[in-house]
Amino acid sequence: MSSTALQYTQNGDYLIPNIELNQPPPLGKYGRMRRMFLKENRPVLYNHLLLSGKLYLHLVEIDRTAKDRLDRQMEELLKQNPAPDKAAQQMAWVQHMNALKMQAEEVIQNELIFN
């Protein structure tokens, strides 16, 4: 018997093969944004990466890098512009954090996504 023989699990009167699908994890927000940018604005590069099998790896790398950079930039922006007290001024804190995140995302999009 070869090592590729299927293994089965008994379920009532039926034998069900033990099969696992090897699906890559889904792309995050920045990976999806990069894919749409490449598809719409850089079709030659998009097709080259797709046909060479490197597109998914590229998108995962962009997504991971963008998330890391967002975290670092949020820390830096919070040092420069401290947020109001969250317990005392919840809405002001939310507005402040959203403004900082939008600022950081704009830099990330210009440097990583739309470049």
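The values are calculated or read from the model by the stated rules, or taken from the named source; none is laboratory data. None of the values given here were measured: they were computed from a predicted structure. Backbone-built Cβ (ideal geometry, glycine too); neighbour counts: all protein chains shown. Just so you know, the surface numbers come from the protein's heavy atoms only, side chains and all, with ligands and any DNA or RNA stripped out. Shrake-Rupley method; radii C 1.70, N 1.55, O 1.52, S 1.80 Å.
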Residue match in the range 83-103 (condition: surrounded by fewer than 13 Cβ atoms within 10 Å (Cβ to Cβ), in contact with a His (Cβ under 8 Å, 6 or more places away or on another chain) and not in a helix (DSSP H, G or I)): no
Which pairs have Cβ atoms under 7 Å, sit 6 or more apart or on different chains, and link a residue in the range 71-88 that is under 15 Å from E106 (Cα atoms) to one that is in a helix (DSSP H, G or I) and of a type in the set (G, A, S)? Q73/A104; M74/A104; L77/A104
Starting from the range 12-34, keep only residues that are without any contact (Cβ under 8 Å) to a residue 12 or more places away in the chain, then list their pairs with residues that are not in a helix (DSSP H, G or I) whose Cβ atoms are within a distance under 7 Å, requiring at least 6 positions of separation or different chains. L15/Y8; I16/Y8; I16/T9; P17/L6; P17/Y8
Inspect all residues belonging to the range 33-41 and state whether any of them is within 20 Å of the chain's Cα centre (by Cα), under 30 Å from A66 (Cβ atoms), surrounded by fewer than 10 Cβ atoms within 10 Å (Cβ to Cβ) and at pLDDT below 95. no
Yes/no for R35 being in contact with a helix residue (DSSP H, G or I) (Cβ under 7 Å, 6 or more places away or on another chain) and either outside any helix (DSSP H, G or I) or within 22 Å of V107 (Cβ to Cβ) (or both): yes
Report yes if K67 is within 21 Å of the chain's Cα centre (by Cα), assigned to a helix (DSSP H, G or I) and free of Cβ contacts under 8 Å to residues at least 24 places away in the same chain, otherwise no. no
I need the full set of residues from the range 42-64 which are aliphatic (A, V, I, L, M) and either assigned to a loop (DSSP other than H, G, I, E, B) or open to solvent by 70 Å² or more (accessible area, probe 1.4 Å) (or both), in order please. V44, L50, L51, L57
Just a yes or no: is a residue in the range 1-10 within 21 Å of V107 (Cβ to Cβ), open to solvent by 60 Å² or more (accessible area, probe 1.4 Å) and of a type outside the set (A, V, I, L, M)? no
